[in-house]
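Data first, discussion second: the structure below is written as structure tokens.
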Amino acid sequence: SNMPDGGYPFGRITEFSGIESAGKTAMCVAAIANCQRYYNGIGIFLDQENTFDERFAEKFGLNPDRTLYFQFPTFEDLIVGVMNLTDKAYAMDPDVKMVIVWDSLPATPPRPIVEQDPRKSPIIGGVARYTSYFLQKYISSLFAGKHIAFLIINQRRDKIGGNSFYGPQDDATG
């Protein structure tokens, strides 16, 4: 970590993946609360799952006055929205520290999937390749050298063609 007392690294992407109800969102909310408490930072919660509970989050110490909540219809809209939000925050205070939580990656469809004819099935693995491309191209470079911890929540799902006898039968979706 590049934080003096440990924690999630600024300028990097951290992924949380696990089964349902494993505490992924709770850990991310605690990260926002700690950033607010120790650094007077800002939290941005991208609630694509539509499951955020502010009263529950406040029990972790989250300050709702220093937390922004957003939902975006597509992956591309989310990327542009995050870029705009971080640019505005850094224009106001170049030393601001932020924790951005994206809950969750699989709940954010890419535009080609949204605009696709519903009678056609998506290419197997296509969403994962598309997501990986965008994360490498935009998000990694956007956060480099800034005080932003970007936390992505992912779920575990059965592997595509997961009928092998060796290794785990599940994998992260994105």
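Values computed for the structure shown
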item	result
Relative packing of 94-101, 16-23, which averages over residues the other C-beta atoms within 10 Å, highest first	94-101, 16-23
Point-charge dipole on Cβ atoms (K/R +1, D/E -1) for region 54-96, about Cα centre, debye to 20	180
Peptides ranked, highest mean first, by Cβ atoms within 10 Å: ranges 104-113, 48-57	104-113, 48-57
Carbon + sulfur, % of accessible area of region 6-65 - ligands and nucleic acids excluded, 1.4 Å	46
Dipole in debye (nearest 20) - region 1-52, about Cα centre, beta carbon charges: Lys, Arg +1; Asp, Glu -1	180
Shape call, region 2-97: gyration tensor on alpha carbons, a/c limit 1.5	rounded
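The values are calculated or read from the model by the stated rules, or taken from the named source; none is laboratory data. None of these values were measured; they are calculated from a predicted model. Ideal geometry is used to build each Cβ from the backbone, glycine not excepted, and the neighbour counts take in all protein chains shown. Please note that ligands, DNA and RNA were not included when accessible areas were found on the heavy atoms of the full protein model with its side chains. Shrake-Rupley method; radii C 1.70, N 1.55, O 1.52, S 1.80 Å.
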